[in-house]
Amino acid sequence: MNVSGERSKAIWSAVDFSAPMLETKITTEVAVIGSGIAGLSVAYELAKAGKNVVVVDRGPIGGGMTARTTAHLSSYCDDGFRELIDMRGLDIARGWQESQAAAIARIEANVQALAADCDFRRLDAFLFLAQGSDPAIIDRELVASAQVGMIALRHGGVPFAGYETAPTLQFPQQATFHPTKYLSALAKAIRNAGGRFFANSIVVSVEEKNKLVTIKTANGEEIEASAAVVATNAPITDRIAISSKQAPYRTYAVAFEIARGSLPDALYWDTLDPYHYVRLQRGEAESDMLIVGGEDHKTGEANDGQTRILSLSRWMRELFPALGQEIARWSGQVLEPVDYVGFIGRNPGDDHIYVATGDSGQGMTHGAAAGLVISDLILKGDSPWRQVYDPSRKPVKALGEFVKENATAVKSFVEYLAPGELSSLDELKAGEGAIVRDGFYKIAAYRDETGALMKRSAACTHVGCHVRWNSFERCWDCPCHGSQFAPDGEALNAPAFSALGEAEN
Ligand code: FES
């Protein structure tokens, strides 16, 4: 159970923007499904260009994974440029870096144009050699960064205990911001440009026919559009084509108080896999916040969030002993593409449905890049970075990763044959969930704090993988493609949009 006894909460305030539910049939030029940074970046570019835009979200505006980011804005590839060049070739790697730098520049321009009060600032980023990492990494990344056109400088360590002289790369002119304040500014600007918003409206299908796209919602309403953009973290429209080329990972974050001025304002990353990431955020009064993240694991393959949070805290306090008290702890989910690059562009097999997914832990810049790429595809028919992010590409050089990540699905289906985690529901403690066998069926059982039992089918409503209990977030996680469900079965995160089914009796 997390500290508050509910789903964890990041330090960011909710997006300051409300919208009604869709309760009528409407038409528009472009419908954007999902109101995180990808959806709102696309919607803003199109609304600014005079397009009639509608944004629809299953929950509140901006209430998805963007509200759980730690918002490092960098055009450095977190898988390393050497890996990216080897995987996709130098031209694509250059295009990726160029597009990510352009995404940061577009955020900066938007902040200025909208006078958005969102703590945006340019700062340096530092990649420092962790104990136990291959010492050759820093030199390798220095060379690879130059090859892709990103400025990287050798630097003499970082201001963390034990790392003052560690081999380090400095990347000038990276950035950070307050993600939900930025989304608030974008949403208001879209509405001012005539855009319409619908919250708490669950989209259940997006279909293209005769150059028109029809979007249906769970309450029976429809949007008819000339084009649709699916920006739902993992795409609700996809079962295999994209889902099999990316895998969900959970990542953890903790925020602490820190005396203002005690650590230079910068982005800090180490070279471990998974790596630690650190940044500062302006706080109230005299103190700021330090946010550390890391301890990633494949979704559903560990249920030890509190232990990972403690490990993150211990690591950070060792490196920076003057840290103040903890303010918040939370987790989020990232989608890792098998060839390191997100999927932004025309949905495979469609002409007028577009998709943005596969943020690879760099969701803020990927989301802003989606704004550039998809708006160009819709307005001009092409984008200079179309090939970089092409959702239909075959990741031929990532065959090993492809097989490894898709083994999760096979393993998940085999679990239906295994015994349950508990032999009887009587063993289930209050506030916990577990998979229990009931004859031929597997049941996802949750007992609330009052002792009441909720029983749902353990089959994810996306493609049927076997869900797993997440004690830290108190939700059911699907290890295959990242769907999440509340204890009572309600779908919380795409690609699934339907609740877990009734438990068979
Ligand atoms: Fe695809 Fe669960 S998310 S089967």
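The values are calculated or read from the model by the stated rules, or taken from the named source; none is laboratory data. Fair warning: this is a prediction, and the values are worked out from it, not measured in the lab. When we count neighbours, we look across all protein chains shown, and the Cβ atoms used for this are built from the backbone with ideal geometry, even at glycine.
Mind telling me which of the residues 338, 334 ends up being within 23 Å of the chain's Cα centre (by Cα) and within 19 Å of residue 35 (Cβ to Cβ)?
After ruling out the rest, the residue left standing is 334.
Condition first: closer than 22 Å to residue 181 by Cβ and either without any contact (Cβ under 8 Å) to a residue 40 or more places away in the chain or assigned to a loop (DSSP other than H, G, I, E, B) (or both). Now tell me which residues in the stretch 116-131 satisfy that.
Within the stretch 116-131, 116, 117, 118, 119, 120 meet the criteria.
What's the total number of residues in the stretch 348-387 that are over 23 Å from residue 90 (Cβ atoms) and hydroxyl-bearing (Ser, Thr, Tyr)?
3
Consider residue 201 carefully, then state whether it is crowded, with 19+ Cβ neighbours inside 10 Å, of a type in the set (S, T, N, Q) and either within 20 Å of residue 39 (Cβ to Cβ) or away from the ligand (no atom under 16 Å from the Cβ) (or both).
In short, yes.
Are any of the residues in the stretch 475-486 loosely packed, with under 15 Cβ neighbours inside 10 Å and over 18 Å from residue 409 (Cα atoms)?
Scanning the stretch 475-486 turns up no residue that is loosely packed, with under 15 Cβ neighbours inside 10 Å and over 18 Å from residue 409 (Cα atoms).
Scanning for something among the acidic types (Asp, Glu), out of contact with any Leu (no Cβ under 6 Å at 6 or more places or on another chain) and either away from the ligand (no atom under 16 Å from the Cβ) or at pLDDT 95 or above (or both), does the stretch 238-251 turn up at least one residue?
no
All but one of (1) in contact with a Gly (Cβ under 8 Å, 6 or more places away or on another chain); (2) without any contact (Cβ under 8 Å) to a residue 24 or more places away in the chain; (3) charged (D, E, K, R) hold for residue 250, so report the exception by its number.
The failed condition is (2).
Taking residue 230, is it surrounded by fewer than 24 Cβ atoms within 10 Å (Cβ to Cβ), within 16 Å of the ligand (Cβ to nearest atom) and at pLDDT 95 or above?
In short, no.
Find the residue count for the stretch 404-424, including only residues that are among the aliphatic types (A, V, I, L, M), more than 16 Å from the ligand (Cβ to nearest atom) and surrounded by 11 or more Cβ atoms within 10 Å (Cβ to Cβ).
2
Looking at the structure I just gave you, is residue 503 hydrophobic (A, V, I, L, M, F, W, C), away from the ligand (no atom under 14 Å from the Cβ) and free of Cβ contacts under 8 Å to residues at least 40 places away in the same chain?
No, not satisfied.
With respect to residue 124, determine if the residue is touching a Ser or Thr at 6+ places or on another chain (Cβ under 9 Å), modelled with pLDDT of 95 or more and farther than 28 Å from residue 89 by Cβ.
So residue 124 does not fit the description; no.
Does any residue in the stretch 14-25 that is farther than 16 Å from residue 190 by Cβ and among the hydroxyl-bearing types (Ser, Thr, Tyr) come within less than 9 Å, Cβ to Cβ, of a residue that is at pLDDT 95 or above and in a loop (DSSP other than H, G, I, E, B) six or more places away or on a different chain, and which pairs are these?
Taking only residues 6 or more apart or on different chains, the pairs are 24/221.
Contact list please: Cβ distance under 8 Å, first residue in the stretch 299-325 and within 18 Å of residue 475 (Cβ to Cβ), second residue of a type in the set (Ser, Thr, Tyr) and not in a helix (DSSP H, G or I), pairs at least six apart or on different chains.
The qualifying pairs are 299/249; 303/471; 305/252; 305/331; 305/471; 306/471; 308/252; 309/252.
Just wondering, is there one or more residues in the stretch 268-291 that are touching a Lys or Arg at 6+ places or on another chain (Cβ under 9 Å) and within 16 Å of the ligand (Cβ to nearest atom)?
No; the residues of the stretch 268-291 include none that is touching a Lys or Arg at 6+ places or on another chain (Cβ under 9 Å) and within 16 Å of the ligand (Cβ to nearest atom).
Being part of a loop (DSSP other than H, G, I, E, B) and touching a strand residue (DSSP E or B) at 6+ places or on another chain (Cβ under 9 Å) is the filter here, so list the residues in the stretch 132-158 that pass it.
The answer is 133, 135, 150, 151, 152, 157, 158.
Quick one: which residue in 382, 438 is surrounded by fewer than 21 Cβ atoms within 10 Å (Cβ to Cβ) and either at pLDDT 95 or above or touching a Cys at 6+ places or on another chain (Cβ under 8 Å) (or both)?
Step by step, each of 382, 438 is checked, and only 382 is surrounded by fewer than 21 Cβ atoms within 10 Å (Cβ to Cβ) and either at pLDDT 95 or above or touching a Cys at 6+ places or on another chain (Cβ under 8 Å) (or both).
Which members of the stretch 449-496 meet the condition of being more than 9 Å from the ligand (Cβ to nearest atom), in a loop (DSSP other than H, G, I, E, B) and farther than 23 Å from residue 200 by Cα?
449, 450, 451, 452, 458, 471, 472
Against the condition in contact with a strand residue (DSSP E or B) (Cβ under 9 Å, 6 or more places away or on another chain), part of a loop (DSSP other than H, G, I, E, B), modelled with pLDDT of 90 or more and more than 27 Å from residue 246 (Cα to Cα), how does residue 499 come out, does it pass?
Against the criterion (in contact with a strand residue (DSSP E or B) (Cβ under 9 Å, 6 or more places away or on another chain), part of a loop (DSSP other than H, G, I, E, B), modelled with pLDDT of 90 or more and more than 27 Å from residue 246 (Cα to Cα)), residue 499 does not qualify.
All but one of (1) out of contact with any helix residue (DSSP H, G or I) (no Cβ under 7 Å at 6 or more places or on another chain); (2) surrounded by fewer than 24 Cβ atoms within 10 Å (Cβ to Cβ); (3) part of a loop (DSSP other than H, G, I, E, B) hold for residue 14; state the number of the condition that does not hold.
Tallying (1) out of contact with any helix residue (DSSP H, G or I) (no Cβ under 7 Å at 6 or more places or on another chain); (2) surrounded by fewer than 24 Cβ atoms within 10 Å (Cβ to Cβ); (3) part of a loop (DSSP other than H, G, I, E, B), residue 14 fails exactly one: (1).
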